[in-house]
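The values are calculated or read from the model by the stated rules, or taken from the named source; none is laboratory data. It should be emphasised that the depicted structure is a prediction, and the values quoted were computed from it without experimental measurement. Cβ sites come from the backbone with ideal geometry, for glycine too, and all protein chains shown count toward neighbours. SASA here: full protein model, heavy atoms, side chains in, ligands and nucleic acids out. Shrake-Rupley method; radii C 1.70, N 1.55, O 1.52, S 1.80 Å.
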Amino acid sequence: MSLYETLRDALRAETPVALATVVAGPGLGAKLLVRPDAGPLGSLGDADLDRVVARDALGELAAGQTITRHYGPHGEARQDEVTVFIESFAAPPRMVIFGAVDFTAALARLAKLLGYRVTVCDARAVFATAARFPMADEVRVAWPDAYLAEVGPTLGRRDAVCVLTHDHKFDVPALVAALATDAGYIGAMGSRRTHADRVARLREAGVDDEGLARIMAPIGLDIGARTPEETAVSICGEIIALRTGRHPPSLRETSGPIH
Amino acid sequence: MKDVLGEIERWRAAGRRVAVARVVSVEGSGPRAPGATMAVSEDGEAAGSVSGGCVEGAVLTEALDVLSSGTPRLVSFGYSDDEAFAVGLTCGGTITVFVEPLDW
């Protein structure tokens, strides 16, 4: 199997892979394909350079970054004879949506558009059906904490957890379990009054100030969203802004009416 | 790359040679991030894009050249390079594109 075919199969299977290519210097066009769970394939033309680039490429892949790096002919740092383009094909980021409500379908649809792998999870079997959420990659009937006990350890900075249940019985265990993950975004829907009540319940459940500060609630940017679709835009906008470090107005930073 | 796999596979299945052009760096304001890929078949079909449509025509020409010569090349397009290159980016940024035959 050629390097291209291995890359193609990894992309189709959505398994993480990085492709390093010499784009300037000796060995122009030479390639090294790097995978987290298997040895590298191909060569950039020098065993030492291969070793250094394989290590760097795994780091870039973990961060989901695509960049150009410079090396000496044998992988030396602070030299620039060889320019290597490292392209990361990370697995798609994930969005876990708790609550199989009206807003869930719109959020799942928009998240798919943005490239997320989407899971809808609700403990109520009547609502959590694939027929109601055909756009989701996965629909699970489970309590939020049970589901996160299973997948939580695999969530990372690029992943999002959105709690749309509006019901303390589900919200509180979902948020407590979400805070135990490394998810980069944790948001919870509900009015300001609902959230104030929820904060009290979260404190009772042992969540500290640091944990509470991670929760974006009321969920979304302050754009006056009303419909499920507009609300989905407001939530996804907030997720993007949090990732890029921008500060458009989030609802939690303002005090006026949400709609 | 993923968004052009379908076209690449179709061309390969038809026995056509393919070149790929990938954005490797962007300076200033650029419309597509590093990794954006345009694939070109030897008979001049194209899929994907490397900019907002500003330089695709020039990249197509580069890709066909690369298929003839068999040698990869690094090409820059930028607002300030109007003497060196006939096409530029209207947004004022500079993009560097690596163009190579898909023979690996």
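At-a-glance table
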quantity	calculated
Some residue of the range A:70-78 being on the phi > 0 side of the Ramachandran plot and either away from chain B (no Cβ under 14 Å) or of a type in the set (D, E, K, R) (or both)	yes
Test: residue in the range A:162-173 that is modelled with pLDDT under 95, under 20 Å from the mean Cα position of the chain (by Cα) and part of a helix (DSSP H, G or I)	no
Qualifying positions in the range A:114-157 - in contact (Cβ under 8 Å) with a residue 40 or more places away in the chain and surrounded by 20 or more Cβ atoms within 10 Å (Cβ to Cβ)	A:Tyr116, A:Asp122, A:Ala123, A:Pro144, A:Tyr147, A:Leu148, A:Leu155
Residue match in the range B:60-69 (condition: touching a Gly at 6+ places or on another chain (Cβ under 8 Å) and away from chain A (no Cβ under 14 Å))	yes
Residues (surrounded by fewer than 22 Cβ atoms within 10 Å (Cβ to Cβ) and either more than 8 Å from the chain's Cα centre (by Cα) or of a type in the set (A, V, I, L, M, F, W, C) (or both)) located in the range B:54-65	B:Cys54, B:Gly57, B:Ala58, B:Leu60, B:Thr61, B:Leu64, B:Asp65
The range B:1-50, subset in contact with a Lys or Arg (Cβ under 6 Å, 6 or more places away or on another chain) and over 24 Å from A:Ala18 (Cβ atoms), residue most open to solvent (accessible area, probe 1.4 Å)	B:Glu42
Among residues of the range A:15-35, those that are outside any strand (DSSP E or B), in contact (Cβ under 8 Å) with a residue 12 or more places away in the chain and surrounded by 14 or more Cβ atoms within 10 Å (Cβ to Cβ), counted	5
